[in-house]
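The values are calculated or read from the model by the stated rules, or taken from the named source; none is laboratory data. Model, not experiment: these values are computed from the prediction. Neighbour counts run over all protein chains shown; Cβ positions are idealised from the backbone, glycine included.
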Amino acid sequence: MAAQVNSWNEWDRLEEIVVGSADDACYEPTEPGNHPHIRNAAPGTAFPTGRKPQEAIDAANAELAGLVALLESQGVRVRRPEPHDYSKPVRTPEFSVDNQYCGVCPRDVMITIGSEIIEATMSRRGRFFEYEPYRKLVYEYWNADPAVRWTTAPKPSMTDEMYREGFWDWPLEKRHAEMHSFEFCITQDEVIFDAADMSRFGRDIMVQESMTTNRQGIQWLKRHLEPQGLRVHPLHFPLDYFPSHIDCTFVPLRPGLVLTNPDRPLSDGEEKLFLTNDWELVEAPEPTTGNDEMPTYCQSSKWLSMNVLSISPTKVIAEEREKPLHDMLDKLGFEVFPIPFRNVFEYGGSLHCATWDVRRTGDREDYFPNVDYQPLAEG
Ligand code: ABU
């Protein structure tokens, strides 16, 4: 029987993928793990709550439909999340939030590593139940193929104690000091990670320590994945004051080539792993849109420009306005498929974020034969 779930990296030829949906999306709630703000608004202006306007939902859905059509035209099977009422509050014995967020970015919640599907712990209260729209699909894969493994990571408490009070108001000097010790809005007591802080390179998984993934989360991933012969490498980008999700910072495009973010260099010494294994790190060009010109309710950075989706090691989908990036990818030998995606930005991501690849061709390869590897216990 053909494998239903198989994906070892970010670039092999894509066969099946989940594309998110903006149906019933809400504004992300203000909570200890997230203080969303309206771009260019006067300080103190309250961020809206509840359901997003239908017009904004329709505009994002139209662009997501464009992505679906393009993928299908390339022979990729596309699946979608189940409907979910994001306007429902979340109440556990420990916390409550008035509404949830959306199902636009499955990448944040779900990851495929070989034949295993992992549901992340998540780091924010409004996203606690965001695995639900994908459960029917997971059951389908799991029932259809006995080789499929399905793991749900431990759910964190999301109590007030799990968060660092005051993080959002830290003055610049404190932020600078804490940033170098990689202390953000989540503390280190519980296992916390969002799936989008990981990037898959065959046998090696890179994980960014961030506002959405802590050291305990990385330790859990090491203990879970390393007995299977994988290697989990924490990565750090100390000039990113609000790091969340690796796919606007460090984006592998094919074996031996990573697109990097010039504003967010790797921590000193971490580039060695790549350079000693003949990987080339190429800086992405300046995005066409400055941070101040990003959509009003978008909480992500201008570097959504580099949040591209690979259909194969030679074909990449990129946002239509990012012409300098298209030109660079073209020179590097890629066929670029530009599509409009700006209306999706306010839902937390661009093309890579809005997808979760379930099946790509190819097996687990070792792209880092010369690895100076930290054994599990020392991780
Ligand atoms: N969800 C990805 C956002 C990353 C960034 O703002 O750079």
Can you report the number of residues in the stretch 338-361 which are of a type in the set (Asp, Glu) and within 12 Å of the ligand (Cβ to nearest atom)? 1
Residue hits (the stretch 266-288; within 13 Å of the ligand (Cβ to nearest atom) and either among the acidic types (Asp, Glu) or in contact (Cβ under 8 Å) with a residue 40 or more places away in the chain (or both)) are Ala284
The stretch 237-257 residues that are under 21 Å from Ser123 (Cα atoms), paired with ones that are within 10 Å of the ligand (Cβ to nearest atom) and acidic (Asp, Glu) (beta carbon under 8 Å, 6 or more apart): Asp240/Asp263; Ser244/Asp194; Ser244/Asp197; His245/Asp108; His245/Asp194; His245/Asp197; Ile246/Asp197; Thr249/Asp240
Expected single match for assigned to a loop (DSSP other than H, G, I, E, B) and either more than 16 Å from the ligand (Cβ to nearest atom) or surrounded by fewer than 20 Cβ atoms within 10 Å (Cβ to Cβ) (or both) among Asp330, Asp263 is Asp263
Taking the stretch 185-211 and keeping residues closer than 18 Å to Ser267 by Cβ and under 14 Å from the mean Cα position of the chain (by Cα) leaves Asp197, Met198, Ser199, Ile205, Met206, Val207, Gln208, Glu209, Ser210, Met211
Which one of these does His236 not meet: (1) farther than 24 Å from Gln188 by Cα; (2) surrounded by fewer than 22 Cβ atoms within 10 Å (Cβ to Cβ); (3) within 16 Å of the ligand (Cβ to nearest atom); (4) modelled with pLDDT of 95 or more? (1)
Exactly one of (1) within 16 Å of the ligand (Cβ to nearest atom); (2) at negative phi is unmet by His245. Its number? (2)
Within the stretch 304-316, is there a residue that is buried (at least 16 other Cβ atoms within 10 Å of the Cβ), assigned to a strand (DSSP E or B) and β-branched (Val, Ile, Thr)? yes
Quick one: is Arg175 surrounded by fewer than 21 Cβ atoms within 10 Å (Cβ to Cβ), touching a residue at least 24 places away in the same chain (Cβ under 8 Å) and either more than 15 Å from Ile111 (Cβ to Cβ) or away from the ligand (no atom under 16 Å from the Cβ) (or both)? yes
